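The values are calculated or read from the model by the stated rules, or taken from the named source; none is laboratory data. Computed from a predicted structure; not experimentally measured. Virtual Cβ from ideal backbone geometry, glycine too; neighbours counted across all protein chains shown.
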Amino acid sequence: MTEVKIIGENLPNMPWQNKPESAVGPVWRHSDNPVINRNPAKGIARIFNSAVAAYEDRFVGVFRAETINGRPHLHMGWSDDALNWKIEEERIEFVNEKGQPFQPNYAYDPRLVKVEGTYYIIWCTDFYGAAIGVAKTDDFRTFVRLDNPFLPFNRNGVLFPRKINDNFVMLSRPSDSGHTPFGDVFLSESPDFVYWGKHRHVMTKGGQGWWQSVKIGGGPAPIETTEGWLMFYHGVTGTCNGFVYSMGAVILDLEEPSKVKYRSSTYVLTPEEWYEERGFVNNVVFPCSTLFDAESGRIAIYYGAADTYVGVAYTTVQEIVDYVIETNEVVADDAEIGII
Ligand code: BMA
């Protein structure tokens, strides 16, 4: 077993709980989950699938807020401890690069990623069907929405936290507009956040197990480690009562992140608690964000539960990387550079 380290910033004030003896896998839940409950602010019925980050001396979040007319929009939230959140009642006001209003018709499943000092928000937007929307902010007051990077239909846009070989790198999951019954993860690069290309296939659904047999989608921004890019993602199976969303983990090559180095053959978290099994959509865990501390190797994963709540789960870089390597399986041609 080699020692694994996170390559990144220290965040000693992030939430943390040690692994309880009762934990069965490499990821364990916060004991006071869910950390965001129903009706968290006026006009908002549910918050789930959301992203948080450290900002100045506190924490900021971009939240998927299901408003009381049923449409999802993005709302900001603030917290001193990353567990107790104050959600803003007004949705984020986006402007275009000329400063004119540029609101999405709807917005869901945001990711929030800092690259070279700028925070990027990536979400699922309406672009004549489900597509990936992007915006940037330096101060969480002005949010400049940029041109959509990809054509429809696409979701689960996940930006890497640094450029690789001078390019921004984004994962996505091309699909259709509805409750997609298929989908693999792809990768695209851009020198300027405007023109995207060098498209590669990263990973396919499937494998020996059935938990990710229907579709997969990227999760939180990948974490740079000495073993490669560690990424949590969601994997979906189909049942007679609908889809079940679990969390998986994969390690991508540091220099060539379209190559899978190791991929866990089992899920690392699956719906088991009441707030994951029962809600607006039953049986969903959907990770969108992490906080981590490079020094201690601690990782907190923020995930949506049952399309109703926000949950937090913990692991360490050593524990999860060891687990992914131990349970590794090669799925199709994931380990190749994905060009056909
Ligand atoms: C997906 C997305 C997610 C949602 C999941 C389960 O297609 O819409 O936002 O959590 O379905 O309903």
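From V285, V310, grab the single residue that is in a strand (DSSP E or B), hydrophobic (A, V, I, L, M, F, W, C) and without any contact (Cβ under 8 Å) to a residue 60 or more places away in the chain.
It is V285.
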Original post:
In the stretch 228-242, how many are within 16 Å of the ligand (Cβ to nearest atom) and buried (at least 21 other Cβ atoms within 10 Å of the Cβ)?
Top reply: 5
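For the stretch 113-134: of the residues being within 16 Å of the ligand (Cβ to nearest atom) and aliphatic (A, V, I, L, M), which is surrounded by the fewest Cβ atoms within 10 Å (Cβ to Cβ)? Talk me through it step by step, then tell me what you get.
Taking the stretch 113-134 and keeping what is within 16 Å of the ligand (Cβ to nearest atom), we get 121-127, 129-133.
Add one more test, that the residue is aliphatic (A, V, I, L, M), and what stays is 121-122, 130-132.
Working: I121: 24, I122: 27, A130: 19, A131: 21, I132: 27.
Result: A130.
Can you tell me which residue among V62, V4, V52 is assigned to a loop (DSSP other than H, G, I, E, B), on the phi < 0 side of the Ramachandran plot and surrounded by 20 or more Cβ atoms within 10 Å (Cβ to Cβ)? So that I can check it myself, show each step before the final result.
Working: V62 fails: assigned to a loop (DSSP other than H, G, I, E, B); V52 fails: assigned to a loop (DSSP other than H, G, I, E, B).
After ruling out the rest, the residue left standing is V4.
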Subject >> Y245 vs. criteria surrounded by 19 or more Cβ atoms within 10 Å (Cβ to Cβ), aromatic (F, W, Y), modelled with pLDDT of 95 or more and within 13 Å of the ligand (Cβ to nearest atom) >> reply: yes
Original post:
Restricting the search to the stretch 183-194, which residues are out of contact with any His (no Cβ under 8 Å at 6 or more places or on another chain) and over 15 Å from Y233 (Cα atoms)?
Top reply: E189, S190, P191, D192, F193, V194
**OP:** Would you mind finding the one in P152, P161 that is in a loop (DSSP other than H, G, I, E, B), in contact (Cβ under 8 Å) with a residue 60 or more places away in the chain and either surrounded by 16 or more Cβ atoms within 10 Å (Cβ to Cβ) or of a type in the set (V, I, T) (or both)?
**Re:** P161
Subject >> Considering residues of the stretch 65-104 that are without any contact (Cβ under 8 Å) to a residue 60 or more places away in the chain and within 15 Å of the ligand (Cβ to nearest atom) only, the residue surrounded by the most Cβ atoms within 10 Å (Cβ to Cβ) >> reply: A65
Subject >> Of residues in the stretch 164-187 being away from the ligand (no atom under 16 Å from the Cβ) and more than 20 Å from Y119 (Cβ to Cβ), the one surrounded by the most Cβ atoms within 10 Å (Cβ to Cβ) >> reply: L187
**OP:** Please list, ordered by first then second residue, the pairs with beta carbon atoms under 6 Å, 6 or more apart or interchain, first in the stretch 266-281 and within 14 Å of the ligand (Cβ to nearest atom), second aromatic (F, W, Y) and not in a loop (DSSP other than H, G, I, E, B).
**Re:** Y275/Y309
Subject >> Test set (1) within 15 Å of the chain's Cα centre (by Cα); (2) under 20 Å from I340 (Cα atoms); (3) hydrophobic (A, V, I, L, M, F, W, C) - V202 fails condition number >> reply: (1)
Subject >> Selection from the stretch 210-227 of residues that are surrounded by fewer than 24 Cβ atoms within 10 Å (Cβ to Cβ), under 17 Å from V185 (Cβ atoms) and more than 16 Å from the ligand (Cβ to nearest atom) >> reply: I223
